[in-house]
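Asks: Before I ask anything, let me first share the structure, which is written out below as structure tokens.
The values are calculated or read from the model by the stated rules, or taken from the named source; none is laboratory data. Since we're looking at a predicted model, the values are computed, not measured. In this analysis, Cβ positions are derived from the backbone assuming ideal geometry, glycine residues included, and neighbour counts consider all displayed protein chains.
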Amino acid sequence: MHLLELVVIVVAAVVAVSGAVVGAVVARRHRTLELEAPPEAPSAPTPPPVPEPPQAPPVPEPPSALPVPEAPPIPEAPPRPEVPPAPPAPLEAPPVPAQEALVGEAAVLERPRFRDRLGRARGLLAGYVGSVLSRDTIDEETWDELEEALIRADVGVATTTRLLEGLRAQVRQEGIRRPDALVEALKAGLKKALAQGDRSLHLEPGGPNVWLFVGVNGVGKTTTVGKVGMREARAGRHVVMAAGDTFRAAAVEQLGLWAARVEADLVRGAEGGDPGSVVFDAVVRAASRQADLVLADTAGRLHTKTNLMEELRKVRRIAERPPGQLSEVLLVIDATTGQNGLIQARQFTDAVGCTGVVLTKLDGTAKGGIALAIQVELGLPIKLVGLGEGAEDLVDFDPDEFVDAIFT
Ligand code: GDP
């Protein structure tokens, strides 16, 4: 029993001692944890309470707050100082000045010179003319060269033949012997041929005038309507544009840009809608606003079974009705298409009776000779020519300047 008691005492003592030790350790550990807890926000010591940038609007920091920077909104604040209190205005501003700038620009448009834009046509003729001038006399080779030059410039065989027959007769009658005199006589003959007909654009007194623009797709009709609108607006006329090419969404948009640019009214219809009703609405709008002029774009190709020429005849009849008055039907021809342009001119003239031609893209071709073919074969005056894509690049056709520009 003694032994047993002794064992019990020893065990009790051991338990007591180890309990104390464990307790101490736990207590110590607990204290350690308490002490170590702060390190979780180790950065705290670095920037103590946010060094509040002056710009950051007073974030009412609870004065009591523990110095522990639990809220790290600090990093966001710094960038602010650089961002000035910019007003949001610039987002809306651009469109307006842009338009103003364009209209302003329109007021100082400079007319391009034929000579500067017809380098390709001049380049084609230069070789032939140089060769003719290099001879001492006028012989058959001279005539062959002149013929080839005119045909290559797309004057067309029939027109070339007529022009050269007239020139031969003149050479005989006037006793012209020198090649330079021959070239001068040719130039004079071309100028005379191109000067036939009435090249003015008509504006009749009374109700709004309507100028109809016709021609196949891609020749430059819509662009021409825009450029003519610019010219007329600059001349002080109130213009309404009719987006009659209802089959081409891009044409309607393009015309909308031009209308905004020249501050003209734009009348448009539903996509694929009736072009005649667009023109009619435009005339009614023009009359109600006492506008001077309706510039009507038309389709160059239809996406329905309707025949294009039939449709254009209908549009023409509508444009003729009061309160409007149709004073120009302008056929737009792309000079780069050469003799094809002559075929188009015949078709459109037969269908809608054109009053004149706008010859576009003369700047991009050596084949400006189509101007002569149209004038001589069809008796249609070239009224305007396109010498580039810019607003200022549509100019009155000047036969003298044209001929001088393509020779030398
Ligand atoms: P539309 O289908 O007849 O209405 O033709 P657009 O008006 O859409 O014109 C077709 C393209 O020809 C466009 O890229 C125009 O910028 C261009 N264009 C029109 N006129 C001229 C011009 O006189 N010179 C040049 N270089 N390009 C032109």
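Asks: Determine which single condition Val403 fails, assuming it passes every other condition in (1) buried (at least 21 other Cβ atoms within 10 Å of the Cβ); (2) within 14 Å of the ligand (Cβ to nearest atom); (3) touching a residue at least 60 places away in the same chain (Cβ under 8 Å); (4) not in a loop (DSSP other than H, G, I, E, B).
Replies: (2)
Asks: A follow-up question, please. Gln254 - would you say it is polar (S, T, N, Q) and within 16 Å of the ligand (Cβ to nearest atom)?
Replies: yes
Asks: May I pose another question? Do you know which residues across the stretch 177-200 are out of contact with any helix residue (DSSP H, G or I) (no Cβ under 8 Å at 6 or more places or on another chain) and in a loop (DSSP other than H, G, I, E, B)?
Replies: Hits for the stretch 177-200 are Arg177, Arg178, Asp198, Arg199, Ser200.
Asks: Shifting gears a bit: With the structure loaded, tell me whether Leu330 is surrounded by 21 or more Cβ atoms within 10 Å (Cβ to Cβ), more than 15 Å from the ligand (Cβ to nearest atom) and either in a strand (DSSP E or B) or in contact (Cβ under 8 Å) with a residue 60 or more places away in the chain (or both) or whether it fails that test. Write out each step before concluding.
Replies: Details: surrounded by 21 or more Cβ atoms within 10 Å (Cβ to Cβ): yes; more than 15 Å from the ligand (Cβ to nearest atom): no; either in a strand (DSSP E or B) or in contact (Cβ under 8 Å) with a residue 60 or more places away in the chain (or both): yes.
Considered against the rule, which asks whether it is surrounded by 21 or more Cβ atoms within 10 Å (Cβ to Cβ), more than 15 Å from the ligand (Cβ to nearest atom) and either in a strand (DSSP E or B) or in contact (Cβ under 8 Å) with a residue 60 or more places away in the chain (or both), Leu330 comes out as no.
Asks: Turning to a different aspect of this structure: Looking at Val262, Val278, Val252, which one is aliphatic (A, V, I, L, M) and within 17 Å of Gly218 (Cβ to Cβ)?
Replies: Answer to the selection: Val252.
Asks: Taking the stretch 210-227 only, how many residues are within 13 Å of the ligand (Cβ to nearest atom) and either outside any helix (DSSP H, G or I) or touching a Leu at 6+ places or on another chain (Cβ under 6 Å) (or both)?
Replies: 11
Asks: From the list Ala345, Ala319, which one is in contact with a helix residue (DSSP H, G or I) (Cβ under 8 Å, 6 or more places away or on another chain), within 15 Å of the ligand (Cβ to nearest atom) and among the hydrophobic types (A, V, I, L, M, F, W, C)?
Replies: Answer to the check: Ala345.
Asks: Restricting the stretch 380-400 to residues that are more than 13 Å from the ligand (Cβ to nearest atom) and either among the acidic types (Asp, Glu) or modelled with pLDDT under 95 (or both), which is farthest from the chain's Cα centre (by Cα)?
Replies: The residue in question is Asp400.
Asks: Here is a list: Gly324, Gly300, Gly353, Gly368. Which entry is out of contact with any Phe, Trp or Tyr (no Cβ under 8 Å at 6 or more places or on another chain), buried (at least 18 other Cβ atoms within 10 Å of the Cβ), over 23 Å from Glu271 (Cβ atoms) and not polar (S, T, N, Q)?
Replies: When all the criteria are applied, what remains is Gly324.
Asks: Scan the stretch 269-297 for residues that are in contact with a strand residue (DSSP E or B) (Cβ under 8 Å, 6 or more places away or on another chain), more than 14 Å from Ala249 (Cα to Cα) and in a loop (DSSP other than H, G, I, E, B) and report the count.
Replies: 3
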